[in-house]
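Written below as structure tokens is the structure these notes are about.
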Amino acid sequence: MIVLGSTSEVAQAFVEKALQEGEKFEKIYLFTSNKETTERFARHIDVKFLQQAEVIELDLTKEIDYNRFENINSNVLFCAVGYLGEGTDEGLYDNRNTERIIAINYSKLVPVMNYFAHKFESRRSGTIIGLSSVAGDRGRQSNFIYGSAKAAFTAYLSGLRNYLFDKKVHVLTIKPGFMATKMTEGLPLNPKLTATPKQAAACIYKAFKKERNVAYVLPVWSIIMMIIRNIPEFIFKKLKL
Amino acid sequence: MKPNFTQKVTNWGNFPVVEKEMRSEDNFKKIKEFVLNHNEVIARGNGRCYGDASLGESIFSTKKLNKFINFDRLNGIMECESGVLLSEVLEIAVPQGYFLYVTPGTKFVSIGGAIASDVHGKNHHAEGCFSEYVIEFKLMTENGEIITCSREENADKFWATIGGMGLTGIILTAKFKLKNIESAYIRQESIKAENLDEIFKLFDESESWTYTVAWIDCLQKGKNIGRSILMRGEHAFQHELPQNFSKTPLRLKKKLSPTVPFYFPGFVLNALTVKIFNWLYYKKQSKKEVKNFIDYETFFYPLDAINDWNKIYGKSGFIQYQMVIPKETGKEGMRRILETIANSGNGSFLAVLKLFGKNNTAAYNSFPVEGYTLALDFKVNSKLKSLVDQLDAIVQEFGGRIYLTKDSMSRSSLTNYLKNIQNPKFVSLQHKRIINNNS
């Protein structure tokens with residue numbers, strides 16, 4: 001399994017869930033911008049599951065040397081890369097913040113995804129799982145830079161799914177909704193709408209096994225987002241969402 | 001949305017409830033920042049202590065320190081971060097033929113919590129407290145420095161931290177020994193006792209057993225006082241197991257655990273329902289003595305089978321009252337305690353009696369001393385404080401003490417045995433309460 005964004009608690013929970021369910025991987029490739037934390041996770045799964053893992057540094061804001069990835073092959077790619085950045089109050093007119101959000105969530109991420117998608121395509125098998133966001137379903141005043149990057153990422157995954165369909169590669173888009181993770185720690189989230197990384201991992205694993213195309217982590221989010229998507233624009237623009 | 005780390009926090013007894021800042025972090029540098037940037041910090045593991053021990057002005061949750069570091073499968077030495085739960089250790093250890101030397105009545109406590117409380121189990125008389133098997137741990141001190149503590153290195157901090165209720169710093173990682181087992185099952189004998197004299201006699205006769213514990217019906221009066229069931233057990237060897245268990249002796253079948261869906265309304269738990277429950281529990285075993293094999297989860301963690309069982313006590317919560325009375329006067333003390341409870345009519349759903357063996361004098365902050373210990377659940381209501389007062393008076397008279405991990409309202413004089421801890425950085429609400437009541 002290839003994991004992009006390995007410090008993500010959801011990615012780690014998914015790796016554990018898959019190993020618990022008895023999935024076998026020759027090696028797990030843990031891509032990360034935080035080597036120390038990820039190495040702890042690699043040791044953890046070695047102790048817990050006797051699973052070999054390799055930590056590979058990847059900083060999406062820097063130049064990427066793809067030669068380093070030449071020998072990396074797997075049947076599953078799990079992408080949990082995400083960067084929330086600053087919302088509107090301080091971040092909107094800060095270009096560095098804006099560029100960073102767009103780079104990490106979309107523009108610098110997609111070439112890396114493509115690099116591995118190409119490998120999957122030539123092998124004609126495998127699953128690519130991408131964590132997008134409900135924020136990409138409709139731009140809202142609270143975080144629309146992040147939301148727009150995620151909207152682009154959702155569209156990318158949808159197109160990729162279409163492109164790889166007859167090449168026997170499956171693409172799964174996950175829209176998590178609120179999750180109790182580092183990204184959202186301290187935010188006042190409604191507990192009924194918030195999934196723990198473990199819950200999310202279980203749901204993603206199910207969607208992976210069932211070869212679903214798009215899945216919300218908590219079912220209630222598909223209803224919430226259906227409503228939000230369908231509010232007429234002339235009303236929506238007046239709402240404080 | 002701006003992060004606001006203030007939230008409602010409460011421990012397993014749902015009493016008291018506070019609104020304080022709580023944060024969790026897995027990066028040691030950020031933990032250091034948290035320690036340096038806050039005046040009063042207290043570490044909290046899985047929140048399975050009962051009272052106000054892991055509550056404070058700024059709470060550091062070790063939930064994200066949940067990684068394993070190493071498992072020496074040859075020698076049974078485990079190393080992990082402090083937020084790892086005992087249940088997670090068992091998940092790995094049991095299938096490989098290892099078990100925790102000492103475990104409390106729930107497997108959902110963290111390793112850090114087990115050290116800070118120096119937890120004990122049904123085998124205290126034979127194998128002592130959790131700390132006996134701790135080789136070393138890493139502690140973050142008030143200036144954010146990380147030090148290794150063992151019997152040789154920083155020994156003063158090592159012993160102060162054991163049973164030290166988090167007041168010496170934040171435990172980050174720990175290394176400890178596991179015991180060999182041949183199966184995941186326990187050979188158990190349960191014996192009914194009519195009264196206190198009989199149960200004490202049974203304890204004495206069971207001294208050679210590794211695990212002993214008794215469940216007491218604490219609403220009985222007169223000659224029936226102390227009516228109870230003693231359970232004693234040993235890790236079963238593979239060859240003695242019945243056939244249906246012996247094929248895969250180290251693997252248990254998955255069980256579904258029911259969840260208590262909501263806080264029960266206040267009237268559900270009262271003297272009458274507790275009486276009925278106790279009667280059923282006692283009568284369930286029709287024979288005087290039953291011998292059988294049961295899996296380790298049922299033997300050690302019967303309550304863990306019901307998720308969120310604390311909700312049956314309703315929103316006002318409950319306390320656990322656990323005391324120890326030295327052996328010489330223990331029987332008399334227990335009789336007085338049980339009489340007081342029976343007369344109050346404030347029955348305990350769960351009353352557990354145990355005999356502690358000799359204590360490790362080096363672990364001076366640890367709770368157990370040789371004698372009888374009784375753990376009781378009481379629903380929080382208007383009459384509780386006066387009952388606790390009466391019980392405290394008896395414990396004091398008999399020279400006993402209270403288990404800090406479960407304390408939230410006892411007299412400070414019964415709980416002020418925390419020594420060598422004068423650290424203005426690591427402070428819990430419990431510690432403040434104890435200090436303030438003393439002055």
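Tabulated values for the structure
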{"item": "Qualifying residue in segment B:128-139 (condition: of a type outside the set (Lys, Arg), at pLDDT 95 or above, assigned to a loop (DSSP other than H, G, I, E, B) and under 30 Å from residue B:377 (Cα atoms))", "result": "yes"}
{"item": "Near pairs, Cβ below 9 angstrom, 6+ apart or cross-chain, from segment B:393-405 (on the phi < 0 side of the Ramachandran plot) to any residue that is surrounded by fewer than 24 Cβ atoms within 10 Å (Cβ to Cβ) and among the acidic types (Asp, Glu)", "result": "B:398/B:332; B:402/B:392"}
{"item": "Scope segment A:99-119; condition within 19 Å of residue A:154 (Cβ to Cβ) and buried (at least 16 other Cβ atoms within 10 Å of the Cβ); matching residues", "result": "A:101, A:102, A:104, A:105, A:106, A:108, A:109, A:110, A:112, A:113, A:116, A:117"}
{"item": "Odd one out for residue A:51, checked against (1) part of a loop (DSSP other than H, G, I, E, B); (2) surrounded by 17 or more Cβ atoms within 10 Å (Cβ to Cβ); (3) touching a residue at least 40 places away in the same chain (Cβ under 8 Å)", "result": "(3)"}
{"item": "Residue check, residue A:172 of a type in the set (A, V, I, L, M, F, W, C) and over 15 Å from the mean Cα position of the chain (by Cα)", "result": "no"}
{"item": "Checking residue B:33 against (1) facing another protein chain (nearest Cβ under 9 Å); (2) surrounded by fewer than 19 Cβ atoms within 10 Å (Cβ to Cβ), the condition it does not meet", "result": "(1)"}
{"item": "Tally of residues being within 30 Å of residue B:264 (Cα to Cα), basic (Lys, Arg) and not in a loop (DSSP other than H, G, I, E, B) across segment B:277-335", "result": "3"}
{"item": "One residue from B:62, B:106, B:10 being closer than 28 Å to residue B:147 by Cβ and either at pLDDT 95 or above or under 18 Å from the mean Cα position of the chain (by Cα) (or both)", "result": "B:62"}
{"item": "Yes/no for residue B:61 being within 14 Å of chain A (Cβ to nearest Cβ), of a type in the set (Ser, Thr, Tyr) and surrounded by fewer than 24 Cβ atoms within 10 Å (Cβ to Cβ)", "result": "yes"}
{"item": "Qualifying position, being more than 10 Å from chain A (Cβ to nearest Cβ) and either of a type outside the set (Gly, Ala, Ser) or surrounded by fewer than 23 Cβ atoms within 10 Å (Cβ to Cβ) (or both), among B:6, B:106", "result": "B:106"}
{"item": "Verdict on residue A:180 being at pLDDT 95 or above and of a type outside the set (Val, Ile, Thr)", "result": "no"}
{"item": "The listed residue being hydrophobic (A, V, I, L, M, F, W, C), within 14 Å of chain B (Cβ to nearest Cβ), in contact (Cβ under 8 Å) with a residue 24 or more places away in the chain and assigned to a loop (DSSP other than H, G, I, E, B), out of A:84, A:92, A:30, A:60", "result": "A:84"}
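The values are calculated or read from the model by the stated rules, or taken from the named source; none is laboratory data. Keep in mind the model is a prediction, meaning the values are calculated, not measured. Positions of Cβ are backbone-derived with ideal geometry, glycine not excepted, and every protein chain shown enters the neighbour counts.
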